[in-house]
Each structure stands twice: as C-alpha cells, then as structure tokens.
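To start, the structure itself, in structure tokens.
The values are calculated or read from the model by the stated rules, or taken from the named source; none is laboratory data. Quick caveat: nothing in here was measured; it's all calculated off a predicted structure. Counting neighbours? That spans all protein chains shown, and the Cβs are built from the backbone with ideal geometry, glycine included. Heads up: the accessible areas ignore ligands, DNA and RNA and are worked out on the full protein's heavy atoms, side chains in. Shrake-Rupley method; radii C 1.70, N 1.55, O 1.52, S 1.80 Å.
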Amino acid sequence: MSSEKTREFLTDLFEQVESGDYMPLLDALSESLTWTVTGSSPISRVYQGKDDYVRNCYGALDQRLTTWPSARVKRLIVDGDRAVVFFQGIGGLGRNGIDYSMEYCWAMHVTEDRIDEVIGFYDGNKVSALFD
C-alpha cells in the first residue's frame with residue numbers, strides 16, 4: 001500500500017476508535033495477524049492469528065474493563081505499508097476501579113486494508129494493575 005492509502009485507512013479507523021467503537025479495529029485485523037504485547041504484564045506475549053489475539057488478549061482485557069479507553073491520536077508516522085501510531089487512551093476504567101487511561105505506541109503493518117502486524121508498547125504497570 002502507498003503511504004497515502006495507509007494514512008487514510010488508519011486515520012479513518014482511529015477516528016472510529018476515538019468514539020469508543022473498537023469493532024472496526026477488530027474487523028480490520030487480518031486472520032494471519034501477529035500481535036506482540038511488549039513488556040512483562042499478564043498479557044505480554046506474541047499472539048499468532050486474529051482468533052488468538054481476540055480471544056486471549058482483547059477478551060482478557062474486556063473481562064476486566066468497565067469502560068474501554070477512547071483513542072486520541074497524537075502522532076501518525078507512515079512509510080508505505082508501515083506505520084507508527086502514538087495515541088492517548090482516555091477514560092478507560094477497570095472493574096477493579098483502576099484508571100486505565102495511558103499512552104500507547106503501536107508499530108503496524110497494513111496489507112490491503114487489513115492490519116497483519118502490531119507491536120504494541122503499553123504502560124505495563126497499568127496493565128498489571130488491571131489484573132490485580
């Protein structure tokens with residue numbers, strides 16, 4: 001994909017996530033997705049395939065969140081089919097009362113309007129506290 005198409009795709013996608021709707025993001029994930037959650041939190045590992053990620057990472061978070069954070073993109077850097085998205089997650093709330101707002105940085109690869117790779121950087125302390 002060209003830089004312009006990748007930028008347009010991710011801009012549209014994150015505008016939807018900003019409203020708190022994560023379904024477009026999940027729909028955009030490739031079946032052959034590789035998603036790496038960095039760090040040493042309870043969900044840190046490499047997820048192979050969309051199903052693995054949705055069931056074991058997104059699902060684990062969904063069980064612990066009352067409110068998912070909305071995404072406010074601060075910076076989007078695109079080079080062809082690769083992008084780095086730096087965003088603020090605002091308003092996230094854990095069922096245990098923890099404020100789950102934090103900054104995120106995702107390095108992504110996009111192929112034909114599908115995300116097939118994400119390397120995500122998170123506040124590991126916030127993620128771990130959600131699981132306490």
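Things worth noting here:
- Carbon and sulfur %, accessible surface of segment 1-69 computed with the full protein complex present, 1.4 Å: 46
- Lys/Arg +1, Asp/Glu -1 at C-beta; the chain dipole; positive extreme among TYR22, GLY124, GLN48: GLY124
- Vicinal HN-Hα couplings computed from phi for segment 63-69 (Karplus, 6.51 cos²θ - 1.76 cosθ + 1.60; Hz; Gly/Pro x): 5, 10, 9, 7, 9, 6, x
- Dividing the summed helix terms, -39500 (n - 2.57) for each DSSP H run of n ≥ 4, by the number of residues in the chain produces a 222 nm estimate of -7500 deg cm²/dmol to the nearest 500.
- With every protein chain in place, segment 72-123: carbon and sulfur % of accessible area (1.4 Å): 51
- Set of lysines near LYS5 by C-alpha distance (under 26 Å), chain-local residues within fewer than 8 positions excluded: LYS50, LYS74
- Placing +1 on the Cβ of every Lys and Arg and -1 on the Cβ of every Asp and Glu, with no other charges, gives the chain a dipole of roughly 460 debye about its Cα centre.
- Between ILE90 and SER3, residue separation times 0.36 nm minus the direct Cα-Cα distance comes to 28.6 nm.
- The chain shape via C-alpha gyration tensor axes, a/c threshold 1.5: prolate
- Estimated at the nearest 10 Å², the accessible area of ARG45 is 100 Å² with a 1.4 Å probe.
- Using θ = phi - 60° in the Karplus curve 6.51 cos²θ - 1.76 cosθ + 1.60, the 3J(HN,Hα) couplings for segment 11-22 round to 4, 4, 4, 6, 5, 5, 5, 4, 7, x, 9, 8 Hz; x is entered for Gly and Pro.
- Å² per residue, accessible surface of segment 21-132 at 1.4 Å: 49
- C-alpha center-to-center spacing [segment 7-31, segment 87-132] in angstrom: 14
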